[in-house]
1. Does region 73-119 hold any residues that are of a type outside the set (A, V, I, L, M, F, W, C), part of a strand (DSSP E or B) and surrounded by fewer than 24 Cβ atoms within 10 Å (Cβ to Cβ), and which are they?
2. Could you say which residue among VAL276, VAL307 is open to solvent by less than 30 Å² (accessible area, probe 1.4 Å) and not in a loop (DSSP other than H, G, I, E, B)?
3. Filter region 28-72 down to the residues that are open to solvent by 10 Å² or more (accessible area, probe 1.4 Å) and small (Gly, Ala, Ser) and list them by number.
4. Quick check on my filter: what residues within region 222-239 are surrounded by 24 or more Cβ atoms within 10 Å (Cβ to Cβ) and under 16 Å from ILE488 (Cβ atoms)?
5. Looking at this structure, is SER437 open to solvent by less than 20 Å² (accessible area, probe 1.4 Å), at pLDDT below 95 and farther than 17 Å from ALA351 by Cα?
6. When TRP148 is evaluated against the numbered criteria (1) more than 17 Å from LEU50 (Cβ to Cβ); (2) aromatic (Phe, Trp, Tyr); (3) open to solvent by 30 Å² or more (accessible area, probe 1.4 Å), which criterion, by number, is the only one it fails?
7. How many residues are of a type in the set (S, T, N, Q), surrounded by fewer than 24 Cβ atoms within 10 Å (Cβ to Cβ) and not in a strand (DSSP E or B) if we restrict to region 316-351?
8. Among the residues of region 492-505, is there at least one that is among the charged types (D, E, K, R), at pLDDT 95 or above and crowded, with 23+ Cβ neighbours inside 10 Å?
Amino acid sequence: MLPASAQLVRVSQPSTFAPNCDGVAPSGTLYVGAVVEPYLVVNPTSPANLIGAWQQNRWSSGGSQGLQLGVSFDAGANWTLASAPTSRCNGGNATNGGDYARASDPWVTFSPNGTAYTLSLSFTGITFAPGSASAMLVARSQDGGATWSSPLALIRDGENFFNDKGTITADPVNASFVYAVWDRLDPTNRGPATLAESVDAGMTWQAARTIYDPGPGNQTLGNLIVGVPSGALLDVFSEIDVSASGAVASSIRVIRSEDHGGTWSAPVQIADLLAVGAFDPQTHAPIRDGSDLAAVTTDATGTVYVVWQDARFSSGDHDDIALSHSADGGLTWSAPVEVNAVPTTQAFTPAVRVASDGVIAVTYYDFRHDTSDPNTLWTDYWLVTSTDAQHWAEAHLSGPFNLDLAADSDGLFLGDYQGLASAGAQPLPFFVQPSASGQANHTDVFLAIPSATSNTALQSAHRARLQGEFVAGTAPSLPVTPEWRQRIQQRVMRTLAQRIGHAPSPGAHKLGAERISPGA
């Protein structure tokens with residue numbers, strides 16, 4: 001292991017779910033001890049109060065047995081487990097509204113008054129099969145996450161639709177408003193952005209409704225709402241468009257609301273999404289990463305930052321981390337720049353946050369320390385920071401660890417996203433890596449608390465431009481070649497297959513024909 005510039009606190013704990021707690025016949029491989037897809041929030045009324053969420057016991061065929069919540073009241077030093085009854089393994093049943101076999105896509109948010117909300121994609125059955133169901137369930141906590149209400153279904157659909165990739169955002173200024181947004185897929189791959197909102201602090205919710213429809217055969221993915229100081233809301237999402245000839249394109253786009261979500265603008269293009277997806281450098285097997293999603297954050301001035309995976313900086317050879325920002329509330333966007341420190345290796349699954357002192361923080365995985373051994377995939381987790389989105393300093397958080405030990409869910413899988421929050425000026429990366437024991441298919445969630453020494457070094461680098469700092473890269477003015485376009489299309493087709501249950505495209509991990517809500 002390389003020396004880390006952060007204290008790592010293991011947050012996840014061994015599973016306590018009872019055997020067969022989901023109450024249905026198994027479909028796929030259950031990885032007991034595999035935790036994936038973490039998210040983290042900090043209580044604005046009490047910054048020592050943190051809530052993390054993650055999937056517990058991942059299925060190869062989609063989703064997990066349940067969502068676990070971790071709660072800390074001492075700035076992350078110690079954690080206790082909690083849960084909302086959003087699946088059967090979490091205590092859900094027909095009486096409390098959580099009678100679902102699996103859950104996925106955990107998300108948490110705090111209102112300005114300290115009320116917390118968690119959102120779950122909860123589902124049962126094979127996608128679009130008779131008797132299947134999917135729902136977006138929201139639960140509420142008024143004690144910092146220690147206890148949670150029974151869930152309320154914002155939407156519940158049967159076999160004709162599948163609800164996917166939901167996020168929940170409390171209005172940053174007015175605690176009365178809470179927004180949940182997701183895509184609602186039908187069997188033709190149409191997936192409009194769908195919104196449900198509360199105007200009374202989560203006591204009741206308006207009926208879910210479409211706020212942007214990309215048209216027949218096209219879909220949104222990874223919808224995420226953020227608020228800016230002017231009061232406007234932005235919904236940032238990926239859009240996947242399929243032409244009549246079958247050609248596929250994807251992009252990062254945004255729509256705006258000036259009236260608390262009542263009406264929304266036409267979409268504004270942030271950038272084409274030109275990712276090819278992460279892959280094992282030795283075996284070339286695809287890795288299930290965050291290449292179809294963008295992460296977004298705002299600072300106190302209202303500047304909005306978006307990061308995503310993109311191959312434009314390597315002319316289609318491999319993905320790096322792209323960043324674009326908007327200083328006018330999402331109306332116009334800067335040209336993407338490359339913010340990972342080593343541009344010669346793959347970097348993937350970024351997260352972004354701006355701390356109270358205005359420092360931009362981005363985290364990601366990369367393969368710079370991988371070897372030629374096809375039986376291992378050495379991976380590190382990194383933090384880069386900047387005050388101007390151009391000059392960056394890097395800190396090592398963890399690794400190298402062997403990604404080959406991760407669970408396989410249409411590719412080695414740590415999650416479509418990772419968490420990154422901040423408490424004051426301190427960034428708080430919240431991420432998954434294989435367990436220290438080296439046991440296959442076991443992963444844990446860690447909180448990285450950057451040391452005072454590393455914080456000082458990073459701040460000095462920003463002030464003095466010390467050796468080791470790097471400058472954000474720009475993309476060469478080269479066209480997207482046919483070979484590059486084909487790799488983009490293959491990456492998108494893998495995503496479409498994962499979401500609606502079709503067999504993976506050639507080269508993907510083969511898991512069999514039967515699929516359980518694989519987009520989860």
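The values are calculated or read from the model by the stated rules, or taken from the named source; none is laboratory data. In this text, all values refer to a predicted model and were calculated from it rather than measured experimentally. Virtual Cβ from ideal backbone geometry, glycine too; neighbours counted across all protein chains shown. For the accessible areas, the whole protein counts, side chains as well, though only heavy atoms, and no ligand, DNA or RNA atoms are used. Shrake-Rupley method; radii C 1.70, N 1.55, O 1.52, S 1.80 Å.
1. Selection gives THR80, THR109.
2. None of the other options fit; the residue is VAL307.
3. GLY28, GLY33, SER46, ALA48
4. Within region 222-239, SER238 is the sole residue that qualifies.
5. no
6. Every listed condition holds for TRP148 apart from (1).
7. Residues in region 316-351 being of a type in the set (S, T, N, Q), surrounded by fewer than 24 Cβ atoms within 10 Å (Cβ to Cβ) and not in a strand (DSSP E or B): 4 in total.
8. Within region 492-505 (the criterion being among the charged types (D, E, K, R), at pLDDT 95 or above and crowded, with 23+ Cβ neighbours inside 10 Å), the answer is no, since none of the residues qualifies.
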